[in-house]
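Working notes, structure below.
The values are calculated or read from the model by the stated rules, or taken from the named source; none is laboratory data. Model, not experiment: these values are computed from the prediction. As a convention, Cβ positions derive from the backbone with ideal geometry for all residues, glycine included, and neighbour counts pool all protein chains shown.
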Amino acid sequence: MNEIDAAYIAGLFDGEGTINIRRRFEKKKKHKDKPGYRMSNSMRISMEITMTDRSVLVWVHEVLGVGTLTPKKVNGLRVDGTPYLKQYRWRCVFRDAYRVCCVLWPFAHVKLDKIQQIIEHYSTLGRDNIVNFDEYKNIKNIKNIND
């Protein structure tokens, strides 16, 4: 991705985007050989841009190469009785969000603190569950090809 596209997406994200980071305990199934459940201190990370111009979000989705693009349900009417415009949402989560944060970091201003939190979460030294992005992308592409 070139710098101009990255800077444009960073500006778009600063104005229209949202980052959600939540750490909480979650009940998860134990591994195959162990019955029952376990409690896990999990971090939920998501990034999204919601807007009415679908073509911009299609371009963002194509340039970044990650995430999903879906229509967003809008309920109710405006004060004058007219319906709201249809909205679309581009969204990515977890390691895909980390990849996007690494691209946006040099250009972000408004969302910079949360972007840095995501980068620090995935790049902390001493963690044994960190996956190299290139390896992760290759594995993900191989799974998509085999499906």
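Considering the range 97-147, the residues that are of a type in the set (A, V, I, L, M, F, W, C) and more than 27 Å from I4 (Cβ to Cβ) include one that is modelled with the lowest pLDDT, namely L125. Taking the criterion of being assigned to a strand (DSSP E or B) and surrounded by 17 or more Cβ atoms within 10 Å (Cβ to Cβ), the residues of the range 49-58 that qualify are I49, M51. Scanning the range 72-89 for residues that are free of Cβ contacts under 8 Å to residues at least 24 places away in the same chain, on the phi < 0 side of the Ramachandran plot and either part of a loop (DSSP other than H, G, I, E, B) or exposed (fewer than 11 other Cβ atoms within 10 Å of the Cβ) (or both) yields a count of 10.
Condition test on E62, is it acidic (D, E) and touching a residue at least 12 places away in the same chain (Cβ under 8 Å)? Considered against the rule, which asks whether it is acidic (D, E) and touching a residue at least 12 places away in the same chain (Cβ under 8 Å), E62 comes out as no. The residues of the range 90-118 that are outside any helix (DSSP H, G or I), of a type outside the set (G, A, S) and over 11 Å from the mean Cα position of the chain (by Cα), listed by number, are W105, P106, F107, H109, V110, K111.
Residues are listed down the side, and each one gets a yes or a no for (1) assigned to a strand (DSSP E or B); (2) buried (at least 18 other Cβ atoms within 10 Å of the Cβ); (3) modelled with pLDDT under 95:
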residue	(1), (2), (3)
A10	no, yes, no
P35	no, no, yes
M47	yes, yes, no
V60	no, yes, no
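Residues in the range 20-33 that are in contact (Cβ under 8 Å) with a residue 24 or more places away in the chain and either surrounded by fewer than 10 Cβ atoms within 10 Å (Cβ to Cβ) or not aliphatic (A, V, I, L, M) (or both): N20 only. Taken over the range 34-59, the criterion of being of a type in the set (G, A, S) and free of Cβ contacts under 8 Å to residues at least 24 places away in the same chain is satisfied by G36, S40, S42, S55.
Within the range 62-71, the set of residues being closer than 25 Å to I4 by Cβ and outside any loop (DSSP other than H, G, I, E, B) comprises E62, V63, L64, T68, L69. Scanning the range 26-53 for residues that are farther than 23 Å from Q117 by Cβ and hydroxyl-bearing (S, T, Y) returns Y37, T52.
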